[in-house]
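Visitor: Sharing a structure, written as structure tokens. Questions coming.
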Amino acid sequence: MDQAPTQRPLHDPAGQGTADHRRLAQQLCDVVDGREILSPAKFIEMVGMDLDSFASNAHVHRSTVIRAPGAESIQSHIRTSLQVLAAVTTVSGGALKSAVFWYRNEPLAPFNYKTAESLVAEGRAADVLNLLESYQAGFVG
């Protein structure tokens with residue numbers, strides 16, 4: 001099968017991240033205590049969720065999000081979420097708003113109709129990325 005010449009990889013095995021991932025990360029960059037972090041507040045605003053939902057997905061207490069936004073568990077959750085959102089953006093043709101809607105709301109049949117957001121919270125981002133790669137390769141069912 002021939003691949004479309006504009007097809008872009010969904011993730012970078014070298015760990016550098018795709019252009020979409022880097023762009024999203026730059027939008028969320030914040031400086032806290034003299035170091036750059038991914039801002040939980042900006043992420044929460046970007047995806048349109050509330051603090052309690054974010055804290056639950058990141059497996060931290062809501063006060064941790066406020067008092068220690070640079071905590072590794074929070075940063076890891078944001079990085080993983082951004083990786084999936086960047087992949088969704090790539091597959092959907094670059095529309096972040098549509099990607100966020102899909103990430104938060106689309107029930108995924110292969111995963112008992114859970115959303116990508118809930119799968120990421122369960123530590124199953126790789127499953128979502130594999131599904132997106134199959135979509136990008138042309139699988140639709």
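Visitor: Quick test for you: out of Asp52, Asp127, pick the one residue that is assigned to a helix (DSSP H, G or I), touching a residue at least 12 places away in the same chain (Cβ under 8 Å) and not hydrophobic (A, V, I, L, M, F, W, C).
Guide: Within the list Asp52, Asp127, the selection yields Asp127.
Visitor: Can you tell me which residues in segment 89-118 are touching a Phe, Trp or Tyr at 6+ places or on another chain (Cβ under 6 Å) and within 20 Å of His59 (Cα to Cα)?
Guide: Correct list: Ala116, Glu117.
Visitor: Further question on the same structure: Residues of segment 100-140 being small (Gly, Ala, Ser) and farther than 24 Å from Ser73 by Cβ, which ones?
Guide: Ala109, Ser134, Ala137, Gly138
Visitor: Checking the conditions here, which among Ala87, Ala71 is crowded, with 16+ Cβ neighbours inside 10 Å, modelled with pLDDT of 95 or more and not β-branched (Val, Ile, Thr)?
Guide: Answer to the selection: Ala71.
Visitor: Let me ask something else. Condition first: assigned to a helix (DSSP H, G or I) and under 22 Å from Asn130 (Cβ atoms). Can you find one or more residues in segment 59-72 that meet it?
Guide: Just the residues of segment 59-72 that are assigned to a helix (DSSP H, G or I), to begin with: 62-67, 72.
Now restrict to residues that are under 22 Å from Asn130 (Cβ atoms): none.
Within segment 59-72, none of the residues are assigned to a helix (DSSP H, G or I) and under 22 Å from Asn130 (Cβ atoms).
Visitor: Under 7 Å by Cβ, and 6 or more places apart or on different chains, what pairs join a residue from segment 27-42 that is without any contact (Cβ under 8 Å) to a residue 60 or more places away in the chain with one that is part of a strand (DSSP E or B) and of a type in the set (Val, Ile, Thr)?
Guide: From segment 27-42, the pairs are Asp30/Ile37.
The values are calculated or read from the model by the stated rules, or taken from the named source; none is laboratory data. None of the values given here were measured: they were computed from a predicted structure. Counting neighbours? That spans all protein chains shown, and the Cβs are built from the backbone with ideal geometry, glycine included.
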